[in-house]
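The values are calculated or read from the model by the stated rules, or taken from the named source; none is laboratory data. These numbers were taken from a predicted model, which means no experiment stands behind them. Ideal geometry is used to build each Cβ from the backbone, glycine not excepted, and the neighbour counts take in all protein chains shown.
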Amino acid sequence: MNTGMGIGTDMGTGMSEGEGVGMGMGTGTAPPTTPPGGGPAAAARPGGRGRRERHRPRGWLVAVAALLCAAPLALSSHLPNAVGNLGSLCQTVLPWSGLGILLLLCCAAIRRSVLAATAVLVPALVWSALFGPALIDKRSGGGDFTVVSHNVNEENPDPGRTARALAASGADVLAVEELASRAQETFRHALAATHPYSQIREGVGLWSRYPLEDVEPVEIMPWTRALRATVRTPKGPVALYAVHLASVRVYPTTGFATASRNEAAARLAEALRAERLTRIVVLGDFNGSVDDSALHALTGPLRSAQREAGDGFGFTWPASFPLVRIDQILVSGLTPRAAWTLPATGSDHLPVAASLRL
């Protein structure tokens, strides 16, 4: 009995299925089908269309990196020195951030992302506002007083070559830093004919076509690293300061060590505030950039000859492949007409020069 009933049930079910097929054929309508991977459940599954719709736009990582690059550029003058003097270090090498912007632009091109390319324009515009003027040639004629400064390197293997190069520079005044005692006589002999007036105090030397008066050391460090002199030019006196600020180092544990340099700069700034003459030239090895906010007390009241009348960044160190400008010519009460770097002389620094109008 139980078996018979089961067979009847199966037959009934078969009839229903046959009827269903017949109806489908009669109306010409195909039964509904679900596309592979479709349906609400598939959209919610990982890898479905819903996930593709939520995918981030092409090049978003490049766009984020570009905006993160723009922030320190825009706020470069306010970068803090609380940890390892990182602000001073970044400000010293900041012009090279342009290479990072170019790299981001290449990444945007590779990704073919309009979003990324648009975002890279932000740091590019900030960099151009900060450093674009430095790339314009602002040199002109009309100067009547030329100065040259050169860190000649205490370990210079050929001081005679360096001295002869400085003699041929055409400068009215030469300031020399890091002059070894064994090289002093070589410099005196090489420069005697062109620059008859000279003073040397320890590692700092001055040579001039015009008389030097009131030459005295400026106490910025325990030993002489700065000289002050009055240069008697045909158009009146000029106060000239030849300077070699304390060296800096970069250490893995403590960062950018600038404490001694900053202290020397503050003492020099104090001496400049007491200067009686209105025409002032400060030149030498600052071991820092004029963009370094830690040196603002010294550089703020003065104008950079390179920035005002130069062509390019005028990087000076290392001489074999200059990366930073740490040798400066700053003025007050004079007008820079041209500024430039001279060819390598055998030192690890390049000489810097400026033509000034008195």
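Spot the failing condition for THR146; the list is (1) in contact with a helix residue (DSSP H, G or I) (Cβ under 8 Å, 6 or more places away or on another chain); (2) closer than 23 Å to THR335 by Cα, and only one is missed.
(1)
In this structure, is ALA344 of a type in the set (A, V, I, L, M), surrounded by fewer than 22 Cβ atoms within 10 Å (Cβ to Cβ) and under 29 Å from PRO72 (Cα atoms)?
Working: of a type in the set (A, V, I, L, M): yes; surrounded by fewer than 22 Cβ atoms within 10 Å (Cβ to Cβ): yes; under 29 Å from PRO72 (Cα atoms): no.
No.
Among the residues of the stretch 109-123, which ones are crowded, with 18+ Cβ neighbours inside 10 Å and within 23 Å of the chain's Cα centre (by Cα)?
ALA117, ALA119, VAL120, VAL122, PRO123 - these are the residues of the stretch 109-123 that are crowded, with 18+ Cβ neighbours inside 10 Å and within 23 Å of the chain's Cα centre (by Cα).
Among the residues that make up the stretch 229-240, is at least one of them in contact with a Phe, Trp or Tyr (Cβ under 8 Å, 6 or more places away or on another chain) and under 16 Å from LEU298 (Cα atoms)?
no
As an exercise: evaluate THR254 against (1) of a type in the set (Val, Ile, Thr); (2) without any contact (Cβ under 8 Å) to a residue 60 or more places away in the chain; (3) surrounded by fewer than 15 Cβ atoms within 10 Å (Cβ to Cβ) and give the number of the one condition it does not meet.
The one condition THR254 does not meet is (2).
Say we look at the stretch 80-102 and pick out the residues that are among the hydrophobic types (A, V, I, L, M, F, W, C) and crowded, with 17+ Cβ neighbours inside 10 Å; which of these is nearest to the chain's Cα centre (by Cα)? Spell out the reasoning first.
Residues of the stretch 80-102 among the hydrophobic types (A, V, I, L, M, F, W, C): 82-83, 86, 89-90, 93-94, 96, 99, 101-102.
Right, trim to crowded, with 17+ Cβ neighbours inside 10 Å and you get 89-90, 94, 101.
Values: LEU89: 9, CYS90: 7, LEU94: 2, ILE101: 12 Å.
Ranking the qualifying residues of the stretch 80-102, first place goes to LEU94.
If you go through the stretch 299-327 one residue at a time, how many are outside any loop (DSSP other than H, G, I, E, B) and of a type in the set (A, V, I, L, M, F, W, C)?
Just the residues of the stretch 299-327 that are outside any loop (DSSP other than H, G, I, E, B), to begin with: 299, 303-309, 317, 324, 327.
Now restrict to residues that are of a type in the set (A, V, I, L, M, F, W, C): 305, 309, 317, 324.
Residues that pass the stated criteria total 4.
From LEU79, LEU86, grab the single residue that is touching a helix residue (DSSP H, G or I) at 6+ places or on another chain (Cβ under 9 Å) and of a type in the set (A, V, I, L, M).
Working: LEU86 fails: touching a helix residue (DSSP H, G or I) at 6+ places or on another chain (Cβ under 9 Å).
Every option except LEU79 fails the conditions.
Kindly list the number of the only condition in (1) over 30 Å from GLY333 (Cα atoms); (2) part of a helix (DSSP H, G or I); (3) modelled with pLDDT under 95 that fails for SER77.
Among (1) over 30 Å from GLY333 (Cα atoms); (2) part of a helix (DSSP H, G or I); (3) modelled with pLDDT under 95, the lone unmet condition for SER77 is (1).
For ASP214, work out the one condition from (1) out of contact with any helix residue (DSSP H, G or I) (no Cβ under 9 Å at 6 or more places or on another chain); (2) over 29 Å from GLU275 (Cα atoms) it doesn't fulfil.
(2)
Could you tell me whether any residue of the stretch 205-224 is assigned by TED's automatic domain parsing to the domain that holds PRO351 and in contact (Cβ under 8 Å) with a residue 60 or more places away in the chain? Before the answer, list the steps.
Looking only at the stretch 205-224, we keep the residues that are assigned by TED's automatic domain parsing to the domain that holds PRO351, and these are 205-224.
Subset that is in contact (Cβ under 8 Å) with a residue 60 or more places away in the chain: none.
No, the stretch 205-224 contains no residue that is assigned by TED's automatic domain parsing to the domain that holds PRO351 and in contact (Cβ under 8 Å) with a residue 60 or more places away in the chain.
Check every one of the strands (runs of 3 or more DSSP E) wholly within the stretch 214-285 and list those with 3 or more residues that are among the aliphatic types (A, V, I, L, M). Spell out how you get there, then give the answer.
Working: elements: 226-233, 236-244, 249-251, 255-257, 280-285.
By residue number, 226-233, 236-244, 280-285.
Where residues in the stretch 273-286 are buried (at least 19 other Cβ atoms within 10 Å of the Cβ) and free of Cβ contacts under 8 Å to residues at least 60 places away in the same chain, which of them is nearest to THR335 (Cα to Cα)? Spell out how you get there, then give the answer.
We begin by selecting, within the stretch 273-286, every residue buried (at least 19 other Cβ atoms within 10 Å of the Cβ); these are 279-286.
From what's left, free of Cβ contacts under 8 Å to residues at least 60 places away in the same chain: 280, 282, 286.
On the way: ILE280: 11, VAL282: 13, PHE286: 21 Å.
Here the answer is ILE280.
ARG112 is checked against (1) touching a strand residue (DSSP E or B) at 6+ places or on another chain (Cβ under 6 Å); (2) of a type outside the set (Gly, Ala, Ser); (3) farther than 23 Å from PHE286 by Cα and fails just one. What number does that condition carry?
(1)
Could you say which residue among SER169, SER198, SER247, SER140 is outside the structural domain of GLN328 (by TED's automatic domain parsing) and surrounded by fewer than 23 Cβ atoms within 10 Å (Cβ to Cβ)?
Numbers: SER169 fails: outside the structural domain of GLN328 (by TED's automatic domain parsing); SER198 fails: outside the structural domain of GLN328 (by TED's automatic domain parsing); SER247 fails: outside the structural domain of GLN328 (by TED's automatic domain parsing).
Of SER169, SER198, SER247, SER140, the one residue that is outside the structural domain of GLN328 (by TED's automatic domain parsing) and surrounded by fewer than 23 Cβ atoms within 10 Å (Cβ to Cβ) is SER140.
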